[in-house]
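The block underneath contains the structure these notes are about, expressed in structure tokens.
The values are calculated or read from the model by the stated rules, or taken from the named source; none is laboratory data. Just so it is clear, the model here is predicted, and its values are computed rather than measured. All Cβ positions, glycine included, derive from the backbone under ideal geometry; neighbour counts span all protein chains shown.
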Amino acid sequence: MSPFTPSFDRLPASIPVFPLTGALVLPRARLPLNIFEPRYLAMVQDSLAGDRLIGMIQPMEPGAEAAGGVEPPLAGVGCCGRLTAFAETDDGRYLITLSGLCRFRIREEVSTMRGYRRVMADWSPFADDFVLPADGQFDRAVLMAALKTYFARRSLTVNWQALEAASDEQLIATIAMLCPFTPAEKQALLEAPDFISRASMLLALVQMAVHESADGDVARH
């Protein structure tokens, strides 16, 4: 990890959160974000002036937005990232990159002065997020074969050379974050208790999607 990254025992009691349906960041993975809403511009400004930590979390109801001043409920688990890249645009947006750090459970939500949401975070279940998993703990060849069918059926272009060169953790995180899984599936991947569980779940999701697309092809013929 970067020397600027806080250790597990130095994680703060509270963090700002960015609720976004379908968004997923995992420990040691990187998530680019385009920030334009005023309250989240304020969140980035405050983060840059502080510890640079922002929690990514999904609303309980996909696509839910604040209505009548009432914010939608949040999923119970999110993942905190550290703001490691930042750029301004001429039209008033921020382009940032969050580097995944550690998952958290929400203890409670606390009020803020600048419009964005903030929570008290329980880090205790996720100390292992600071431990780099070793390669070779799952059948990578089976996953890669399933992925080739998955992407071919969706006519998606993939940098296979980069995927082949990635570590096992980088591969799982990249596929989990980039594939068009449902919000519930993304949340399940986030909440997987450990790396092996997440890799197994990812393979199952990819294989299920391949079978469903194959069944659809049969039905159309």
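Things to note:
- Top-ranked residue in the range 140-184 [being among the basic types (Lys, Arg) and assigned to a helix (DSSP H, G or I); ranked as nearest to Ser213 (Cα to Cα)]: Arg153
- Boolean, Ala192 is surrounded by fewer than 17 Cβ atoms within 10 Å (Cβ to Cβ) and free of Cβ contacts under 8 Å to residues at least 60 places away in the same chain: no
- Residue that is surrounded by the fewest Cβ atoms within 10 Å (Cβ to Cβ) [pool: residues in the range 110-126 that are part of a loop (DSSP other than H, G, I, E, B), out of contact with any Cys (no Cβ under 8 Å at 6 or more places or on another chain) and not charged (D, E, K, R)]: Ser111
- Checking Ala23, Ala49, Ala13, Ala42 one by one, the residue that is more than 19 Å from the chain's Cα centre (by Cα) and surrounded by 15 or more Cβ atoms within 10 Å (Cβ to Cβ) is Ala42 and no other.
- Among the residues examined, Arg28 does not qualify as out of contact with any helix residue (DSSP H, G or I) (no Cβ under 7 Å at 6 or more places or on another chain), outside the structural domain of Cys179 (by TED's automatic domain parsing) and either over 17 Å from Met120 (Cβ atoms) or surrounded by 13 or more Cβ atoms within 10 Å (Cβ to Cβ) (or both).
- Set Pro72, Pro133: member being in contact (Cβ under 8 Å) with a residue 40 or more places away in the chain, under 23 Å from Arg30 (Cα atoms) and not in a strand (DSSP E or B): Pro133
Here is a yes/no grid of residues against (1) in contact with a helix residue (DSSP H, G or I) (Cβ under 8 Å, 6 or more places away or on another chain); (2) loosely packed, with under 13 Cβ neighbours inside 10 Å; (3) modelled with pLDDT of 95 or more; (4) not in a loop (DSSP other than H, G, I, E, B):
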| residue | (1), (2), (3), (4) |
| --- | --- |
| Gly100 | yes, no, yes, yes |
| Arg105 | yes, no, yes, yes |
| Glu108 | no, yes, yes, yes |
| Gln137 | yes, no, no, no |
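- So Ser200, is it more than 27 Å from Leu33 (Cα to Cα) and modelled with pLDDT of 95 or more: yes
- Enumeration of residues in the range 75-98 that are without any contact (Cβ under 8 Å) to a residue 40 or more places away in the chain and either touching a His at 6+ places or on another chain (Cβ under 7 Å) or surrounded by 15 or more Cβ atoms within 10 Å (Cβ to Cβ) (or both): Leu83
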